[in-house]
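Remarks on the structure that follows.
The values are calculated or read from the model by the stated rules, or taken from the named source; none is laboratory data. The structure presented is a predicted model; accordingly, all values stated were derived computationally and were not measured. As a convention, Cβ positions derive from the backbone with ideal geometry for all residues, glycine included, and neighbour counts pool all protein chains shown. Side chains included, ligands, DNA and RNA excluded: accessible areas come from the protein's heavy atoms. Shrake-Rupley method; radii C 1.70, N 1.55, O 1.52, S 1.80 Å.
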Amino acid sequence: MKSARSWWGLEWESSPFYPHLQLWLSLQVELIVGSSEEVIPRLRAQHQLNRADLVLLAHRPRYYLRDLQLLEAHALLPKDATVLADHVLFPGAPRFLQYTKSCGRYRCRLHHTSLPDFPAIKDGIAQLTYSGPG
């Protein structure tokens, strides 16, 4: 069984949240390689991950909604879990943002940023707090 505070991320990259993530990085980390669509349903059975207190979404924004809904469907998000999603404005994840703002299960905060190599291109990181199943 994993520790009481576990995290699962699709890809880790440099982030303005890095200082806040250092505590999380001190925990044991297991790298699981594969398609999130195949991996998420097997997290409990094959990797003994019963909960994900922190989820980092930094892969392809068009898959954020699908992956979030898979985490919900497999009851992997405990109450007050944090989900950080990068690149929600550019290239954008409009369906993901619409869902998280309208479903009533998330408190949503948008942190405005820009692309590291192109400061004129505006982007955003969504910080979600899961309030539990509806």
*Using modelled amide H (1.01 Å from N, peptide plane; none on Pro or chain starts), what sits under 5 Å from the amide H of Y106, excluding residues fewer than 5 places away?*
S131
*When Lys and Arg each count +1 and Asp and Glu each count -1, what net charge do the other residues less than 12 Å away from P133, Cβ to Cβ, add up to?*
+1
*Taking amide hydrogens as modeled 1.01 Å from N in the peptide plane, which residues meet the under 5 Å criterion relative to S114, leaving out close sequence neighbours?*
D123
_Probe 1.4 Å, all protein chains present, accessible-area order of D123, D80, largest first_ = D80, D123
*Hey, can you grab everything whose amide H is under 5 Å from the amide H of L49? Only 5+ residues off in sequence or another chain; H modelled, so Pro and N-termini drop out.*
R44
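Go through the range 75-134 and name the trypsin sites (Lys or Arg not before Pro) that are in a DSSP coil and have 15 or fewer other Cβ atoms within 10 Å of their Cβ. Intermediate results must be reported in sequence, preceding the final value.
Working: sites: K79, R95, K101, R105, R107, R109, K122; in loops: K79, R105.
Of the trypsin sites (Lys or Arg not before Pro), the ones in loops of the range 75-134 whose Cβ has at most 15 other Cβ atoms within 10 Å are K79.
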*Gyration tensor (alpha-carbon) shape descriptor, the range 36-130, a/c threshold 1.5*: prolate
*For the range 93-98, just list the computed ³J(HN,Hα) in residue order, Karplus coefficients 6.51, -1.76 and 1.60, θ = phi - 60°, integers in Hz, with x standing in for Gly and Pro.*
9, x, 5, 4, 5, 4
